[in-house]
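The values are calculated or read from the model by the stated rules, or taken from the named source; none is laboratory data. Since the structure is predicted, the reported quantities are computational estimates derived from the model, not experimental observations. A quick note on method: Cβ atoms are made from the backbone with ideal geometry, for glycine too, and the neighbour counts reach across all protein chains shown. Note: accessible area is taken over every heavy atom of the protein model, side chains too, but ligands, DNA and RNA are not part of it. Shrake-Rupley method; radii C 1.70, N 1.55, O 1.52, S 1.80 Å.
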Amino acid sequence: MTKISPEFEETMHMEGILPVSVDVSFASNQFPKYKLGPDNQILEEPQDDDQGPSLKEVIEQETAQLSEQHKRLSVRDLACKFDKNLSSAAKLSDEAKLREVPSLEGHVLLKKLRDALEYLKGRLAGRNKEDVEKAISMVEALAVKLTQKEGELIQEKFEVKKLATFLKQASEDAKRLVNQEKSFACAEIESARAVVQRIGEALEEQEKNSDDSNKQDVEGLVEEVQEARRIKQLHQPSKVLGMEHELRALRATIREKSIISAKLQRELTMCKRAAENKSCFYGLDGSETLGSFLRIKCASDVAPPLSKCSIQWYRMSSDCSWKQVITGATKSIYALEPLDVGRTLQVEVVSNGQKVNLMTTGPIESAAGLGTHVETLLRKSNSEFNVTISQMNGQDYASNSVHVFHVGKMRMKLSRGWITKARENYSSSMQLCGVRDDRSTATKALFWQGRKGLSFMLMFESERDRNAAIMLARKYANDCNVMLAGPDDQA
């Protein structure tokens, strides 16, 4: 290894290093730190960046914040923001210009350093010459690095200029929008002032009119009070009360007289028919109220027995203008059903070629409290009645167990516990009516045909339950556009 004497070292410093211009300023007061990698590549050591984020990151961050807050800011705030960003972009541009000076000084310094090393290379030999060559290669690498940095700086400078132009244009647009909004606001304020002025004038006019109308109303009220006082003086309170009591008594008397008149008319009708039917062999017996039954009775000992007569019941209008055959009602006993209410009933008895017509004294009346009971049941979605099956498909039913007859808004069902005997929706093939035979329990019996080939005769616990079930089923069937009646009946 070659040793260098102090004298040679001093001579090298004096003769090899050329003087540097005083105009050159360094970015730092020390030589940059680096390490040599393979193939003499310069590996820079990571340095702590105490100067904060780079110019590019600052620009991207500001742009993102502007994009996010653009929808939330008002026009005036947006203009102020653009002005601030424009000033910051100008500052960044100035900083970039300042950074160009150290870059140029770095190139001058590297060139002079390389020239000094070339000068030393020519004067040295051996190992020292190799070290100088390595130093020259390192200087060249540093020059390449510096050139790359300059390219990045130029790109950043271009972006800063582009952003400054954009911000300047946006600032001008924002100022124009501010002026436009200001003019619009002034126009709206003027129009609002005009509207307020018109409303004020209208309110003043309304107050004047209301004062005039109030005066007129007060005068009218005064006149009415005076008229009421005059009427009060003419009519004493005791006389008015007496007249009210007399009116109530007259209404009660008229109501009683009307009831008595209806009874007398019915009795007169019965007497006339009895006079007409003195020579008649038969008569009608029974209450003409829903829940009971009518019976044909023999009025003479010489009358032929009813078992040898042909019987047919008819349903007639209240004024007897038309009549309808009650299909299946061919017995001497007929149990009234809800469809008969408001109608007059007629029975035709034919014996030995002679025809006898018997009629009720008036329209059939509804049972007391039945309408209220049906209205209560209509509030429910499903009504249940306890029944026993008397016949099934025309044959006597052996069991007398209690079943439940469900009447719903869409269907009817007959079941016992979890066993379902029948469940049918309302349809045109369904039939429902009272039982039309001569048994004494016919007022509690009901005929139900769910579909063709499936029919039941059901016995209810009371006449009211039987009639309520018929009325409910017909109401629900009517809501489903189905007419529910007996065979060949017309609702």
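Among 449-459, 392-402, how do they line up by average Cβ neighbours within 10 Å per residue, starting with the highest?
449-459, 392-402
Grab the other residues whose beta carbon is less than 15 angstrom from that of Ile259, score K and R as +1, D and E as -1, and report the net.
+2
For the range 102-211, take the alpha-carbon Rg, divide it by the Kirkwood Rh, and send me Rg/Rh.
My calculation of the ratio gives 1.77.
For the range 280-357, with only Lys/Arg (+1) and Asp/Glu (-1) charged at the beta-carbon, what is the dipole magnitude about the Cα centre, in debye rounded to 20?
200 debye
Would you calculate the separation in nanometres between label points at Ser292 and Glu57, each defined as 7 Å from the Cα along the Cα-to-beta-carbon direction?
Placing both labels 7 Å along Cα→Cβ, they lie 10.8 nm apart.
Does the range 397-450 classify as rounded, prolate or oblate by the C-alpha gyration tensor (a ≥ b ≥ c root eigenvalues; a/c under 1.5 gives rounded; else a/b over b/c gives prolate, otherwise oblate)?
Oblate shape, in that a/c is at least 1.5 and b/c is the bigger or equal ratio.
Mind listing the long-range amide H neighbours of Ser292? Cut-off is under 5 Å, sequence gap 5 or more, other chains count too, H placed in the peptide plane at 1.01 Å from N.
Leu336
How far apart, in nm, are two points set 7 Å out from the Cα along the Cα-to-Cβ line at Asp301 and at Ser381?
Taking the two extended label points, one gets 6.7 nm.
Under the rule a/c < 1.5 gives rounded, and otherwise a/b versus b/c splits prolate from oblate, where does the range 254-376 land using the Cα gyration tensor?
It is oblate, given that a/c is not under 1.5 and a/b is not larger than b/c.
Under a crude label model (7 Å from the Cα following the beta-carbon direction), how far is Gln226 from Val404 in nanometres?
For Gln226 paired with Val404, the spin-label model returns 7.7 nm.
Evaluated at 25 °C with a viscosity of 0.890 mPa s, what Stokes-Einstein diffusion coefficient in µm²/s does the range 368-478 have when Rh comes from the Kirkwood expression over alpha-carbon pairs?
174 µm²/s
May I ask you to evaluate 6.51 cos²θ - 1.76 cosθ + 1.60, the Karplus curve with θ = phi - 60°, for each residue of the range 156-171 and list the ³J(HN,Hα) values in order in whole Hz, giving x for glycine and proline?
Once rounded to whole Hz, the list reads 5, 4, 5, 5, 5, 5, 4, 5, 5, 5, 5, 5, 5, 5, 5, 5.
In what sequence, largest accessible area first, do His245, His373, His403 appear using a 1.4 Å probe?
His245, His373, His403
From the P(r) of the range 300-354, can you give the percent of Cα pairs sitting at distances over 13 Å?
63 percent
Amide H to amide H under 5 Å from Lys409: which residues, 5+ apart in sequence or cross-chain, H placed 1.01 Å off N in plane?
Long-range HN contacts for Lys409: none found.
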